[in-house]
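*Asks:* Pasting a structure here, questions to come.
Read-outs throughout are calculated quantities, based only on the coordinates presented, and are distinct from any laboratory measurement. In this text the structure is predicted, and so the values were computed from the model without any measurement. Ideal geometry is used to build each Cβ from the backbone, glycine not excepted, and the neighbour counts take in all protein chains shown.
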């Protein structure tokens, strides 16, 4: 396998996980450049990469300049959410593979454009839903693939977190319709991705109620969603940034005629319930996954996500979290926003919506 050359665009809060992934996968990849319009941030991440991986990437303030000057295979995008689509399109049109942080875009049109442009330019889009790689989540999906749940009935994603006003004031783009969305789009999208993946991956109808209760932001600080899937199962989402005084839990539950599983902990990393009608060899492994919580809610799944993404590019296959997969959680949330705005159920397949449709602004990428 060749060693793939990456550029990291965006050196904010989540970028540390991308640096860690570069170090963990140094036999497969090289972080050739880090880029941020605030050059000091990029310099710090270059220093972090030197310490973690033993080499220092080039530093840029303008990703366009880096695209023009460097030989690159892949671009990782970790900027503010509202910039994901335009930066991704610029990189795709330059012939680069793209790994983008969640959400991949803030509108269905932009996300679909990313996928169509990637196909036209023969590059691969991946989305950073790293919790799919958590060991308990992998065990859950194995049980689903083996039919241990029988007929699926329901599942829940509960993201009971706290995000105080200093969190939003630290980065004023957070909580805005133009650059972010609310707690469903920012904090809850990982849990929503896991829920839809677990319940069959084919949403049909979405209904939602959301509100802004405690935080002085444009978007919601609490949201609840009902999702009926095409296989008949029902998904329930409870997401909040208002739990006092700190993060409480992030929990995924799946229930079927012959099985019940709950994965909880701080970041969907600890098996709390594992009940099935018939025992299986995997149950011995599951007993080891009561686990301890990671240092933060991001966990360490980026390491495995990068490995899977690089292997997919190298073998001309689809990564576990392809663009086609990554669009689903984002689209459920946009459907929830439309349901809140209209008071009506929303059909997933027919959706054409943007976070901007919740505001009076209209600024789209092209």
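*Asks:* Let me know the shape class of the range 171-302, please: from the alpha-carbon gyration tensor, a ≥ b ≥ c as square roots of the eigenvalues, rounded when a/c is under 1.5, otherwise prolate if a/b is greater than b/c, or oblate.
*Replies:* Values: a/c = 2.49, a/b = 1.47, b/c = 1.69.
Oblate, since a/c reaches 1.5 and b/c is not below a/b.
*Asks:* Evaluate the Debye formula for the range 42-173 with equal point scatterers sitting on the alpha carbons, no solvent, and hand back log10 of I(q)/I(0) at q = 0.11, 0.18 Å⁻¹, in q order, two decimals.
*Replies:* Debye output, listed in q order: -0.61, -1.17.
*Asks:* Between the range 321-355 and the range 152-217, how far is it from one alpha carbon centroid to the other, in angstrom?
*Replies:* Each part's Cα centre sits 12 Å from the other's.
*Asks:* So for the range 213-263, considering every pair of alpha-carbon atoms, how many percent are separated by more than 15 Å?
*Replies:* Values: 792 of 1275 pairs.
Every Cα pair in the range 213-263 considered, those over 15 Å come to 62 percent.
*Asks:* Further, regarding this structure: Where does each of 1, 209 land when they are ranked from fewest to most other beta-carbon atoms within 10 angstrom? Numbers along the way, then the final one.
*Replies:* Details: 1 11, 209 14.
The fewest-first ordering by Cβ neighbours comes to 1, 209.
*Asks:* What ranking do 309-318, 25-34 get when scored by the average of other Cβ atoms within 10 Å per residue, highest first?
*Replies:* Working: 309-318: 16.4, 25-34: 21.1.
Output ranking for 309-318, 25-34: 25-34, 309-318.
*Asks:* Still on this model: Where in the range 193-211 does the label zone of residue 347 land, with the point 7 angstrom along Cα→C-beta and an amide N cut-off under 18 Å?
*Replies:* What the label zone holds, given the 18 Å backbone N cut-off, is 202-208.
*Asks:* When the convex hull of the C-alpha atoms of the chain is computed, what volume per residue in Å³ does it have?
*Replies:* Numbers: hull volume 49.8 nm³, N = 366.
Normalising the Cα hull of the chain by residue number yields 136 Å³.
*Asks:* Of the residues 198, 76, 258, which exhibits the maximal mean-square fluctuation in a Gaussian network model of the chain defined by a 10 Å Cα contact cut-off?
*Replies:* Between 198, 76, 258, it is 258 that shows the largest mean-square fluctuation.
*Asks:* What full-extension length gain, to one decimal in nm, is calculated for residue 50 and residue 164 as 0.36 nm per residue of separation minus the Cα-Cα distance? Walk me through the numbers before you get to the answer.
*Replies:* Working: separation 114, 0.36 × 114 = 41.04 nm, distance 3.35 nm.
Computed gain between residue 50 and residue 164 is 37.7 nm.
*Asks:* How fast does the range 33-90 diffuse by Stokes-Einstein, in µm²/s, taking the Kirkwood radius from C-alpha pairs at 10 °C and 1.306 mPa s?
*Replies:* Details: Rh = 12.0 Å.
D = 132 µm²/s.
*Asks:* When only alpha-carbon atoms count, how far does the range 131-212 stretch along each of its three principal axes, as whole angstroms with the largest first?
*Replies:* Cα spread of the range 131-212 along its principal axes, largest to smallest: 46, 30, 19 Å.
*Asks:* Take the Cα radius of gyration of the range 217-366 and divide it by 2.2 N^0.38 Å, with N its residue count; two decimals is plenty. It would help to have the intermediate numbers written out before the result.
*Replies:* Values: Rg = 18.8 Å, N = 150, 2.2 N^0.38 = 14.8 Å.
Relative to the rule-of-thumb radius for its length, the range 217-366 sits at 1.27.
*Asks:* Could you please rank 55, 244, 60, placing first whichever residue has the fewest other Cβ atoms within 10 Å of its Cβ?
*Replies:* Working: 55 14, 244 8, 60 22.
Ascending Cβ contact count within 10 Å gives the list 244, 55, 60.
*Asks:* Next question. Report, to one decimal in Å, the Kirkwood hydrodynamic radius for the range 235-292 based on all distinct Cα pairs.
*Replies:* Values: mean 1/r = 0.0777 Å⁻¹.
Radius from the Kirkwood sum: 12.9 Å.
*Asks:* Right, next: At 0.36 nm per residue, and after removing the present C-alpha to C-alpha distance, how many nm does the segment from residue 278 to residue 154 gain when stretched out fully?
*Replies:* Numbers: separation 124, 0.36 × 124 = 44.64 nm, distance 1.98 nm.
Using 0.36 nm per residue and subtracting the Cα-Cα distance, I get 42.7 nm.
*Asks:* List the pair-distance distribution P(r) of the range 1-61, using every Cα-Cα distance, as the percent of pairs falling in each 5 Å bin from 0 up to the bin containing the longest distance, rounded to whole percents.
*Replies:* Result returned by the calculation: 4, 22, 35, 24, 10, 3, 1.
*Asks:* If you find the alpha carbon centre of the range 245-274 and of the range 85-118, how far apart are they in angstrom?
*Replies:* Cα centroid to Cα centroid, the span is 32 Å.
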